[in-house]
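Input: a single structure, listed below in structure tokens.
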Amino acid sequence: MPYWHYGTTGGWVVPALVIIGLLVVLAAAAIVAALLIRRVPKSASDEDRAMGILRERFARGEIDQDEYERRRTALGR
């Protein structure tokens, strides 16, 4: 009687555990990558920064409403 399976333990259990282990490692890597990507600050475009500066100048009273509207229209193009 051939004993080709002699010395192996678990049959299908060991390969199943290996696959589950790999899936856990891949899932952990994906979670870490997602958390790192979310922490990277997004750079604001030049238009957004310009509008922010314009709003700040208007809020501080450095420019009046007419000047604010004119520059906002110019930045919107």
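Any read-out appearing in this document is the output of simple, stated calculations on the displayed coordinates, not a laboratory observation. Just so it is clear, the model here is predicted, and its values are computed rather than measured. Backbone-built Cβ (ideal geometry, glycine too); neighbour counts: all protein chains shown.
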Inset, instruction - Would you mind calculating the gained length between Glu47 and Ala16 on full extension (0.36 nm times residue separation, minus the Cα-Cα distance), in nm to one decimal? - result: 5.8 nm
Legend entry - Surrounding net charge for Tyr68, when Lys and Arg each add one and Asp and Glu each subtract one, Cβ distance under 15 Å: 0
